[in-house]
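Mind having a look at this structure? Questions to follow.
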Amino acid sequence: MDRIRIRGGRPLDGTIAISGAKNAALPLMAAALLTEERLALDNVPALADIETMAVLLGQHGAETTVAADAGGRTMTLHARTIRDITAPYDLVRKMRASILVLGPLVARVGEARVSLPGGCAIGTRPVDLHLKGLALLGAEIVLREGYVEARAPHGLKGARVSFPMVSVGATENLLMAAALADGETILANAACEPEVSDLAHCLVAMGTAIEGIGTGTLRITGRKHLRGARYAVLPDRIETGTYAMAAAITGGDIVLAGARLDDLTAVADKLVEAGVAIERTADGFRARRRRGASLAAVDVTTEPYPGFPTDLQAQFMALMATASGASRITETIFENRFMHVPELARMGADVQVQGATAFVRGVARLKGAPVMATDLRASVSLVLAGLAAEGETIVNRVYHLDRGYERLEAKLAACGADIERIGG
Ligand code: EPZ
């Protein structure tokens, strides 16, 4: 199994080109199941999760081709017919986002059979909101032998779905289902994450009418047929935030090319409060910390968009582990997203967890150590800690990083990091 070796202590300086967002690309790919025409997606990142989704869509009957384009990759998906309505356990357990095929399949062919994802490293993560929403659109849902079986032989019907809590995935599944439902669907308390809006804009390009994009109330007018489209995946705000924090933790200066600062307002505000300078550039922004200037301790609470994202909580904790003073980091989205804490502690971080809050007392210097993590963002927080630490850090279980960070070592090494992948 590959590992990453980092020799820490070098301020990073340079430019990083931000890739297309994994969490936007995955639902956009699933949307290809809604039409018998081609859906071409530009700026699709080369990541393990993207490959898993392509394999799953292939199983359902979508042909996928990939071509290099100027900024990234163009993936063309063509689901002329739906060959198989089952999303098998082996693929779904690899990647929970597989549940996103449920809405499109039942909307297009009136039936779907998708393995229940089960729990994962960051929490129990039920899918009840996806299922209740689809039931309101008229799908009959049965759970059998670990699978969700959904049927709507006469098609889905528009309805009002009011989510009791904000869910990115449930909003996306319902958006796609509503796009082919008969009549109008209203999604209330919908997620407003930029990735949800990206999907909505693509569905509009495919022929759906959607009002309220970017707000908590989405009004969708379904169509009998959707057409193909060409759509560019938005830049990854979580990758962007991660590298802005890499600049901050190393006392460096990084230009994030192609990034959208407007998708990261809550994060930028916290970085500025901590003493990081953020400046817009022609096509992105620059994040820098004066060498020698210490970071101020800042409290953070994760929230649905536009609040501080849970997907940057672990990275921010690594940053606060080196700040001067104490900060409080509260996780409100997932119940078990502090798996990085014991690993950061092995590098000398001083963190105490009480329930959903981590109390972080900054230390003068982190120390390199062999570490490993159980999910993508936890793993990258250890990379950030390693970049700032004295000595050598070995990050094990690199496959987590490969799920969500395109060419991580190359991007960091180009800014002066001493980082390499060790095979085997
Ligand atoms: C998406 O997951 C992202 N994944 C996650 O990114 C991200 O952390 C999360 O949204 C929150 O922003 C993708 O986009 C592929 P949710 P999702 O439904 O859709 C509970 C990463 O590191 N809930 O918004 O699964 C749930 O348990 C990943 O890239 C229910 O109770 O998240 C959680 O506590 C990890 N019932 C909360 O809602 C449901 O039916 C928010 O989850 C659905 C969710």
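What are the pairs with Cβ atoms under 7 angstrom where one residue, in the range 304-316, is closer than 11 Å to residue 377 by Cα and the other, located anywhere, is part of a loop (DSSP other than H, G, I, E, B) and more than 9 Å from the ligand (Cβ to nearest atom)? Sequence gap at least six, or different chains.
310/331; 313/331; 314/340
Let me ask another. Using beta carbons and a limit of 6 Å, which pairs, at least six apart or on different chains, have the first residue in the range 172-187 and farther than 20 Å from residue 24 by Cα and within 13 Å of the ligand (Cβ to nearest atom) and the second one open to solvent by less than 10 Å² (accessible area, probe 1.4 Å) and among the hydroxyl-bearing types (Ser, Thr, Tyr)?
As it stands, the answer is none, since no pair meets every condition given.
Here's a follow-up. Show me the strands (runs of 3 or more DSSP E) entirely contained within the range 1-52 in which 1 or more residues are under 22 Å from the mean Cα position of the chain (by Cα), away from the ligand (no atom under 16 Å from the Cβ) and under 11 Å from residue 231 (Cβ atoms).
By residue number, 38-42.
Give the residue, chosen from 26, 39, that is over 30 Å from residue 391 (Cα atoms), in contact with an Asp or Glu (Cβ under 7 Å, 6 or more places away or on another chain) and aliphatic (A, V, I, L, M).
Unique residue meeting the criteria: 26.
Quick grid of which residues meet (1) free of Cβ contacts under 8 Å to residues at least 12 places away in the same chain; (2) under 28 Å from residue 188 (Cα atoms):
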{"residue": "207", "(1), (2)": "no, yes"}
{"residue": "218", "(1), (2)": "no, yes"}
{"residue": "226", "(1), (2)": "no, yes"}
{"residue": "235", "(1), (2)": "no, yes"}
{"residue": "239", "(1), (2)": "no, no"}
{"residue": "266", "(1), (2)": "no, yes"}
{"residue": "279", "(1), (2)": "yes, no"}
{"residue": "290", "(1), (2)": "no, no"}
{"residue": "297", "(1), (2)": "no, no"}
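Let me ask something additional. What's the number of the only condition in (1) under 20 Å from residue 205 (Cβ atoms); (2) surrounded by fewer than 23 Cβ atoms within 10 Å (Cβ to Cβ); (3) touching a residue at least 40 places away in the same chain (Cβ under 8 Å) that residue 43 fails to meet?
Looking at each condition in turn, residue 43 falls short on (2).
Now a separate question. So which residues in the range 398-424 are under 21 Å from the mean Cα position of the chain (by Cα), among the small types (Gly, Ala, Ser) and open to solvent by less than 40 Å² (accessible area, probe 1.4 Å)? Before the answer, list the steps.
Step one: filter the range 398-424 for residues under 21 Å from the mean Cα position of the chain (by Cα), giving 398-412.
Keeping just the survivors that are among the small types (Gly, Ala, Ser) gives 404, 410.
404, the sole residue that qualifies.
Also, quick follow-up: Being open to solvent by less than 50 Å² (accessible area, probe 1.4 Å) and of a type in the set (Ser, Thr, Tyr) is the filter; apply it to the range 288-342 and report the residue that is farthest from residue 216 (Cα to Cα).
Among residues in the range 288-342 that are open to solvent by less than 50 Å² (accessible area, probe 1.4 Å) and of a type in the set (Ser, Thr, Tyr), the one farthest from residue 216 (Cα to Cα) is 322.
Right, another one. Condition first: more than 17 Å from residue 11 (Cα to Cα) and open to solvent by 40 Å² or more (accessible area, probe 1.4 Å). Now tell me which residues in the range 241-287 satisfy that.
Passing the criteria: 260, 262, 265, 269, 270, 272, 273, 279, 280, 281, 282, 283.
Still on this model: Residue pairs, Cβ under 9 Å, 6 or more apart or interchain, first in the range 1-28 and modelled with pLDDT of 95 or more, second of a type in the set (Phe, Trp, Tyr) and within 16 Å of the ligand (Cβ to nearest atom). List them.
Listed pairs, sorted by first residue: 12/243; 16/243; 18/243; 19/405; 22/405.
Another one. Whether any residue in the range 193-207 is small (Gly, Ala, Ser), touching a His at 6+ places or on another chain (Cβ under 8 Å) and more than 30 Å from residue 10 (Cβ to Cβ) is what I want to check.
yes
Can you give me the ranges of the strands (runs of 3 or more DSSP E) entirely in the range 299-413 with at least 1 residues that are more than 16 Å from the ligand (Cβ to nearest atom) and among the acidic types (Asp, Glu)?
Working: elements: 326-330, 350-354, 357-361, 370-372, 392-396.
Where strands (runs of 3 or more DSSP E) fall fully within the range 299-413 and carry at least 1 residues being more than 16 Å from the ligand (Cβ to nearest atom) and among the acidic types (Asp, Glu), they are 350-354, 392-396.
Within the range 15-40, can you find the residues that are open to solvent by 20 Å² or more (accessible area, probe 1.4 Å) and small (Gly, Ala, Ser)?
17 - this is the single residue of the range 15-40 that is open to solvent by 20 Å² or more (accessible area, probe 1.4 Å) and small (Gly, Ala, Ser).
Here's the yes/no breakdown for (1) of a type in the set (Asp, Glu); (2) in contact (Cβ under 8 Å) with a residue 60 or more places away in the chain; (3) within 30 Å of residue 93 (Cα to Cα):
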| residue | (1), (2), (3) |
| --- | --- |
| 339 | no, yes, yes |
| 348 | no, no, no |
| 351 | no, no, no |
| 356 | no, no, yes |
| 365 | no, no, no |
| 381 | no, yes, yes |
| 415 | no, yes, no |
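Select from the range 115-140 the residues that are within 13 Å of the ligand (Cβ to nearest atom), more than 20 Å from residue 373 (Cα to Cα) and outside any helix (DSSP H, G or I) and list them in ascending order.
Of everything in the range 115-140, those that are within 13 Å of the ligand (Cβ to nearest atom), more than 20 Å from residue 373 (Cα to Cα) and outside any helix (DSSP H, G or I) turn out to be 116, 117, 126, 127.
A follow-up question, please. Limited to the range 90-100, what total is found for residues that are away from the ligand (no atom under 14 Å from the Cβ) and under 22 Å from residue 152 (Cα atoms)?
0
The values are calculated or read from the model by the stated rules, or taken from the named source; none is laboratory data. Computed from a predicted structure; not experimentally measured. When we count neighbours, we look across all protein chains shown, and the Cβ atoms used for this are built from the backbone with ideal geometry, even at glycine. The area values use the complete protein model at the heavy-atom level, side chains included, leaving out ligands, DNA and RNA. Shrake-Rupley method; radii C 1.70, N 1.55, O 1.52, S 1.80 Å.
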